[in-house]
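The values are calculated or read from the model by the stated rules, or taken from the named source; none is laboratory data. This is a predicted model, so every value here is computed, not measured. Positions of Cβ are generated from backbone atoms using ideal geometry, with glycine treated the same way; all protein chains shown enter the neighbour counts. Areas reflect the complete protein model, heavy atoms only, side chains present, ligands, DNA and RNA absent. Shrake-Rupley method; radii C 1.70, N 1.55, O 1.52, S 1.80 Å.
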Amino acid sequence: MVIVGAGECGLRAGLALREEGYVGPVTLIGEERHLPYERPPLSKDILTDEQLLPPRIVRPTEALEAAGITLLLSSKAVSIDRAARRAMLGDGRALSYDKLLLATGARPRRLPQLDRLGERVLYLRGYDDAVALRGYLDRRSRLAVIGGGFIGLEAAAAARQRGAAVAVIEAQPRVLMRAVPAEIAEVVTARHAAAGVDLICGDGFAEIADTGNGLGISLTSGRRLEADAVLVGVGAVPETALAERSALAIDNGIAVDETLATSDPHIFAAGDCCSFPSPVYDGRRIRLEAWRNAQDQGALAAKNMLGAGLPIESAPWFWSDQFELTLQVAGIAEGATNVVRRDVAENAFILFHLAPDGRLLAASGIGPGGAVGRDVRIAEMLIMRRAIPDPRQLASPELRLKSLLAG
Amino acid sequence: MANWIAACAADDIDEEDVIRFDHGGRTFAIYRSPDDTFHATDGLCTHEKVHLADGLVMDDIIECPKHNGRFNYKTGEARGAPVCVNLKIYPVRREGDTILIELD
Ligand SMILES: Cc1cc2nc3c(=O)[nH]c(=O)nc-3n(C[C@H](O)[C@H](O)[C@H](O)COP(=O)(O)OP(=O)(O)OC[C@H]3O[C@@H](n4cnc5c(N)ncnc54)[C@H](O)[C@@H]3O)c2cc1C
Ligand code: FES
């Protein structure tokens, strides 16, 4: 078994192969030089902590050795000979496989017009990116963030916590336009504003120029900003280069079926790099960039590489931490016509998104710490069951949401 | 040396649920299982320091509210990513309506 991509998903798949009792060779190929580590802290603790923390590795070397997983770091898979079932590495090595998993993740969407500005233009995907960004986060520095999505906002919050001056430039009329409803975006906006983040929505950059000791940013509205660095957070694109070169079907990511098999039955794909038919949403093809999905699909891919033939079951689930707030979204709200609000604690609420037929499609919540976690999790289970909950019960904080699971 | 502390009344916890109990600068989580037994663990998740009492109890499992890490609250065993460090458990005794836990 060969796995390309030593991120959350690839490693989970490797470990799961062993948990499933597979005893043959497992090789995990990773382009980065670090042991597999968690990405979510990169826009959180790794930026805010007083000390520069090391990458938060998922399993130490000894655990990988004990599991009999051969880890090839700083190695890139450059091509696949599908007929001979061999994966070729950059250094010329060839690895034979029975089944191959592509867990190649995603990379930040780049703004090539900014390349000429050099090191002051930053992206955030890997540990080394976070270390570079950290270098600009102190009381004297000014950071401009392009894009009011999750990564941009988390980095902006972290930068403020370290005392840097921060402006966020978002082209849409509000932040998190596609990801969360306006009511939740308002809470996020207010929290950032209270912390002194300059949130500029409905505006974009017309030009960014090197001023010798910084960057001068002209906005389309005519406003001008100065910054020591610009963080570009305008979304991610699935890493499909290897799959494309191998002529696998691509459709907003490596296209897989409900068992995570690509158009080649010996090759599977999972995690941020793949698009799949979502069972909960009537087979609609979606692609997620979410940590738990990477875990779940890694585990499922392992089973199916061993022939289990199991379909994807989980519903999308995502969280984001900004300041003391945690935001969680389960499901996909698209198509919802009715929104019901449940106040779970002071400053913590959940919005339930219901389809015209009353089916629960999604739940999004925001609040301090773990305030919304339990109810969003219960909502997720209801979503997977395609439940039609009573909106009045959803809205009623006295009713334990868990009682709806009994029905 | 046994150090039993009265933590709560049995009725403070619903069946298949959990509450938070703070004592001596520490925080614990106390559980009531579906078969009506009581259990206690450290209050914070071993992944990030989040109160497990805000989490969801299902059978023998407590699910962390932050990233859905799972523990068996009867044994403390970590039961699924992202948690891989077990949770410390404490002996629990019921005396009438009072739930006591033994601290070290
Ligand atoms: C800054 C940041 C913060 C995040 N915060 C959250 C959060 O709060 N909540 C949440 O739910 N999700 C969050 N995410 C998303 C989550 O981290 C991803 O969904 C998850 O990492 C996806 O895992 P993956 O294994 O599919 O891909 P990745 O983690 O991207 O791993 C893919 C790996 O494959 C390697 N690779 C690619 N091509 C090749 C090749 N040809 N040969 C060898 N190696 C290759 C890459 O170098 C990479 O190491 C965050 C992501 C980032 C970047
Ligand atoms: S904080 Fe509990 S699982 Fe992450």
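Here is a list: A:250, A:200, A:254, A:217. Which entry is touching a Cys at 6+ places or on another chain (Cβ under 7 Å) and more than 16 Å from ligand 2 (Cβ to nearest atom)?
Matching residue, one of A:250, A:200, A:254, A:217: A:254.
Pull up the stretch B:56-84, narrow it to residues that are open to solvent by less than 50 Å² (accessible area, probe 1.4 Å) and at positive phi, then point me to the one that is farthest from ligand 1 (Cβ to nearest atom).
B:76
Tell me whether the stretch B:5-24 contains one or more residues that are away from ligand 1 (no atom under 16 Å from the Cβ), at positive phi, in contact (Cβ under 8 Å) with a residue 40 or more places away in the chain and not hydrophobic (A, V, I, L, M, F, W, C).
Within the stretch B:5-24 (the criterion being away from ligand 1 (no atom under 16 Å from the Cβ), at positive phi, in contact (Cβ under 8 Å) with a residue 40 or more places away in the chain and not hydrophobic (A, V, I, L, M, F, W, C)), the answer is yes, since at least one residue qualifies.
Kindly indicate whether any position in the stretch A:149-158 is outside any strand (DSSP E or B) and either more than 13 Å from ligand 1 (Cβ to nearest atom) or among the hydroxyl-bearing types (Ser, Thr, Tyr) (or both).
Of the stretch A:149-158, the ones outside any strand (DSSP E or B) are A:149-158.
Now drop any that are not either more than 13 Å from ligand 1 (Cβ to nearest atom) or among the hydroxyl-bearing types (Ser, Thr, Tyr) (or both), which leaves none.
No; the residues of the stretch A:149-158 include none that is outside any strand (DSSP E or B) and either more than 13 Å from ligand 1 (Cβ to nearest atom) or among the hydroxyl-bearing types (Ser, Thr, Tyr) (or both).
What are the residues in the stretch B:39-55 that are open to solvent by less than 20 Å² (accessible area, probe 1.4 Å) and within 15 Å of ligand 2 (Cβ to nearest atom), if any?
B:41, B:43, B:45, B:50, B:52, B:53, B:55, listed by residue number.
Before we move on, is residue A:299 crowded, with 24+ Cβ neighbours inside 10 Å, within 13 Å of ligand 1 (Cβ to nearest atom), under 21 Å from the mean Cα position of the chain (by Cα) and within 14 Å of chain B (Cβ to nearest Cβ)?
Working: crowded, with 24+ Cβ neighbours inside 10 Å: no; within 13 Å of ligand 1 (Cβ to nearest atom): yes; under 21 Å from the mean Cα position of the chain (by Cα): yes; within 14 Å of chain B (Cβ to nearest Cβ): yes.
No, not satisfied.
Looking only at strands (runs of 3 or more DSSP E) that fall completely inside the stretch B:1-102, which ones have 3 or more residues that are farther than 25 Å from residue A:401 by Cα? Explain how you work it out, then say what you get.
Numbers: elements: B:4-9, B:17-23, B:26-32, B:38-42, B:56-58, B:61-63, B:70-72, B:92-95, B:98-102.
Strands (runs of 3 or more DSSP E) meeting the threshold: B:4-9, B:92-95, B:98-102.
Out of all the residues in the stretch A:191-207, which are closer than 13 Å to residue A:145 by Cβ and among the aliphatic types (A, V, I, L, M)?
Once the filter is applied, which keeps residues that are closer than 13 Å to residue A:145 by Cβ and among the aliphatic types (A, V, I, L, M), the stretch A:191-207 yields A:197, A:199, A:200.
Are any residues in the stretch A:370-397 within 10 Å of chain B (Cβ to nearest Cβ) and of a type in the set (A, V, I, L, M, F, W, C), and if so, which ones?
A:371, A:372, A:376, A:378, A:381
Go through the stretch A:42-75 and give me each residue that's within 8 Å of ligand 1 (Cβ to nearest atom) and in contact with a helix residue (DSSP H, G or I) (Cβ under 9 Å, 6 or more places away or on another chain).
Across the stretch A:42-75, the qualifying residues are A:42, A:43, A:44.
Can you pull out every residue in the stretch A:220-238 that is more than 30 Å from residue A:252 (Cβ to Cβ) and open to solvent by less than 60 Å² (accessible area, probe 1.4 Å)?
Quick first cut of the stretch A:220-238, residues more than 30 Å from residue A:252 (Cβ to Cβ) only: A:221-229.
Answer for the stretch A:220-238, where residues must be more than 30 Å from residue A:252 (Cβ to Cβ) and open to solvent by less than 60 Å² (accessible area, probe 1.4 Å): A:222, A:225, A:227, A:228, A:229.
Considering only the stretch B:56-69, state which residues are more than 8 Å from ligand 2 (Cβ to nearest atom) and within 7 Å of chain A (Cβ to nearest Cβ).
To start, the set of residues in the stretch B:56-69 that are more than 8 Å from ligand 2 (Cβ to nearest atom) comprises B:56-63.
Of everything in the stretch B:56-69, those that are more than 8 Å from ligand 2 (Cβ to nearest atom) and within 7 Å of chain A (Cβ to nearest Cβ) turn out to be B:56, B:63.
Restricting attention to the stretch B:66-84, and to residues there that are hydrophobic (A, V, I, L, M, F, W, C) and over 15 Å from the mean Cα position of the chain (by Cα), which single residue is nearest to residue A:299 (Cα to Cα)?
B:81
I'd like the residue in the stretch A:1-49 that is within 14 Å of chain B (Cβ to nearest Cβ), part of a loop (DSSP other than H, G, I, E, B) and within 17 Å of the chain's Cα centre (by Cα) and, out of all such residues, is nearest to residue A:145 (Cα to Cα).
Filtering first and then ranking leaves A:44.
Going by the conditions given, is residue B:53 within 23 Å of residue A:326 (Cα to Cα) and of a type in the set (Gly, Ala, Ser)?
Against the criterion (within 23 Å of residue A:326 (Cα to Cα) and of a type in the set (Gly, Ala, Ser)), residue B:53 qualifies.
Looking only at the stretch A:195-210, decide whether some residue is open to solvent by 20 Å² or more (accessible area, probe 1.4 Å), part of a strand (DSSP E or B) and among the small types (Gly, Ala, Ser).
Yes: the stretch A:195-210 contains one or more residues that are open to solvent by 20 Å² or more (accessible area, probe 1.4 Å), part of a strand (DSSP E or B) and among the small types (Gly, Ala, Ser).
Return a yes/no flag: does the stretch A:394-407 have any residue that is outside any loop (DSSP other than H, G, I, E, B), open to solvent by 50 Å² or more (accessible area, probe 1.4 Å) and under 15 Å from residue A:341 (Cα atoms).
no
Considering the stretch A:349-369 alone, what residues qualify as being within 14 Å of another protein chain (Cβ to nearest Cβ) and buried (at least 22 other Cβ atoms within 10 Å of the Cβ)?
Residues satisfying the conditions are A:350, A:363, A:365, A:366, A:367.
Identify all residues within the stretch A:257-282 that are open to solvent by 40 Å² or more (accessible area, probe 1.4 Å) and either within 16 Å of ligand 2 (Cβ to nearest atom) or free of Cβ contacts under 8 Å to residues at least 40 places away in the same chain (or both); write none if there are none.
Within the stretch A:257-282, A:257, A:263, A:265, A:279, A:282 qualify.
Just wondering, is there one or more residues in the stretch A:78-88 that are within 14 Å of another protein chain (Cβ to nearest Cβ) and open to solvent by less than 20 Å² (accessible area, probe 1.4 Å)?
The answer is no, given that none of the residues of the stretch A:78-88 is within 14 Å of another protein chain (Cβ to nearest Cβ) and open to solvent by less than 20 Å² (accessible area, probe 1.4 Å).
Consider the stretch A:324-340. How many of its residues are under 20 Å from residue A:191 (Cα atoms) and open to solvent by 40 Å² or more (accessible area, probe 1.4 Å)?
Going through the stretch A:324-340 one residue at a time, the tally reaches 1.
Can you pull out every residue in the stretch A:300-338 that is over 20 Å from residue A:274 (Cα atoms), in contact with a Leu (Cβ under 9 Å, 6 or more places away or on another chain) and among the hydroxyl-bearing types (Ser, Thr, Tyr)?
A:320, A:337
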